[in-house]
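Undergrad: Quick one: structure below, then a few questions.
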Amino acid sequence: MATYAGKDPGEFRFKNLLYQKGDWRATITINRPQVHNALNLDTLRELSAAMQDAAWDDHVAVLIITGAGNKAFCTGADMKEWKEEFLDSPNDFYKWMGVFIETFERLRNLGKPTIARLNGMVVGGGNELQMSCDLAVAASDVIIRHAGTSRGSVAAAGATQWLPLIVGERRAREILLLNEPISAKKALAWGLVTEVVPRAHLDRAVNRLAEKLIDKLPECTRYTKQQLNFWRDLSWSLTIGHLRDWLTVHTPAEEIREGIQAFSEKREIDYRQLRTQLANHKRKKRS
């Protein structure tokens with residue numbers, strides 16, 4: 001049987017991605033720099049289609065994922081879409097989350113090694129995206145952070161499951177509860193990324209890593225990846241369905257609304273005032 005060459009990248013006519021293939025590698029670039037390469041529904045669907053093509057194409061040995069521009073790799077879910085589409089229609093968020101889950105599962109189970117090229121800030125779901133890859137190379141000025149407990153979400157679509165495995169229990173709690181930026185240097189020391197290089201050397205480092213992966217046996221590589229996925233797959237499978245329902249049910253909650261509204265208005269949240277309002281509301285209900 002002849003090898004499957006996949007489609008020509010131009011056939012897809014992606015609106016939110018740049019997709020390239022050649023020299024035994026495929027590169028997906030999230031092309032939404034105006035919103036820091038955030039993930040909306042259309043982008044997730046396009047990511048899934050590109051990943052499926054790369055998985056099927058026998059002339060692709062390595063998949064590289066990156067973001068357009070120099071400011072952001074990916075900043076997770078598109079908060080504008082969340083505000084406009086889901087706050088008043090939480091059941092639609094349930095559908096969106098299903099596509100998100102399927103896309104990340106496709107990436108983890110691609111059957112080929114994957115590299116995250118971290119060209120800018122890595123936030124929330126963007127960190128979950130890069131953790132879904134096998135290896136990650138970061139420019140030295142990149143920062144990684146989560147903002148869920150500050151901005152109205154829960155980082156549980158990979159972060160709560162995998163960060164304890166990658167960086168350890170205490171550091172995972174530090175990242176997810178404090179939401180403070182992690183420098184590329186610290187991310188390397190903690191094992192959150194594979195390599196850190198000056199920005200001018202980023203492409204060279206990614207290409208060097210890709211060449212090393214290409215010069216390995218494909219079936220042995222595939223099964224090694226499958227076995228390495230065990231603990232991640234276990235924690236993911238036990239929790240992701242619960243997360244999907246929890247986020248759906250809590251999307252209209254008062255603190256979620258405030259977090260998303262404050263983000264869209266580019267203002268700070270008065271957390272003490274919010275706590276007081278919630279406490280007073282509960283006291284009134286009890287009385």
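Bear in mind that the values in this text are calculations on the coordinates, not laboratory data. Since the structure is predicted, the reported quantities are computational estimates derived from the model, not experimental observations. All Cβ positions, glycine included, derive from the backbone under ideal geometry; neighbour counts span all protein chains shown.
Undergrad: What is the magnitude of the charge dipole of the stretch 9-252 about its Cα centre, with +1 placed on the Cβ of each Lys and Arg, -1 on the Cβ of each Asp and Glu, and no other charges, expressed in debye to the nearest 20?
TA: 640 debye
Undergrad: Where does the chain land at 222 nm, in deg cm²/dmol rounded to the nearest 500, when only DSSP H runs of n ≥ 4 count, each adding -39500 (n - 2.57), divided by all residues?
TA: -16000 deg cm²/dmol
Undergrad: Please turn the phi angles of the stretch 213-220 into ³J(HN,Hα) values with the Karplus equation 6.51 cos²θ - 1.76 cosθ + 1.60 (θ = phi - 60°), one per residue in order, whole Hz, x for glycine and proline.
TA: 6, 5, 8, 9, 6, x, 6, 5
Undergrad: Now, a different point. Where in the stretch 1-35 are there trypsin sites (Lys or Arg not before Pro) that are in a DSSP coil and have at most 16 other Cβ atoms within 10 angstrom of their Cβ?
TA: Sites meeting the loop and neighbour criteria: LYS7, ARG13, LYS15.
Undergrad: To the nearest 0.05, what FRET efficiency results for LYS80 and VAL249 with a Förster distance of 22 Å applied to their C-beta separation?
TA: On the way: r = 22 Å, r/R0 = 1.00.
So the FRET efficiency works out to roughly 0.50.
Undergrad: Sort HIS281, HIS36 so that the residue with the fewest other Cβ atoms within 10 Å of its own Cβ comes first and the one with the most comes last.
TA: Numbers: HIS281 11, HIS36 21.
Lowest to highest Cβ neighbour count: HIS281, HIS36.
Undergrad: Out of the trypsin sites (Lys or Arg not before Pro) in the stretch 186-217, which ones are loop residues according to DSSP with at most 15 other C-beta atoms within 10 Å?
TA: LYS216
Undergrad: Same structure again: Within the stretch 145-170, whose backbone N sits under 19 Å from a point 7 Å along Cα→Cβ of GLN273?
TA: So the set is 150-152.
Undergrad: Something else: Whose amide H sits under 5 Å from the amide H of GLY67, counting only residues 5 or more places off or on another chain, with H placed in the peptide plane?
TA: Excluding prolines and chain starts, which carry no amide H, the hits are ILE30, ASN119.
Undergrad: Neighbour counts of other C-beta atoms within 10 Å: give me THR160, THR27 arranged from fewest to most.
TA: THR160, THR27
Undergrad: With angles folded into 0 to 90 degrees, how steeply does helix 230-250 sit against the dominant principal axis of the chain? Use alpha carbons for both and round to 10.
TA: Helix 230-250 sits at roughly 40 degrees to that axis.
Undergrad: Within the stretch 9-252, how many Lys pairs that are eight or more residues apart, or on different chains, come under 20 Å at the alpha-carbon?
TA: Lysine pairs meeting the criterion: 15.
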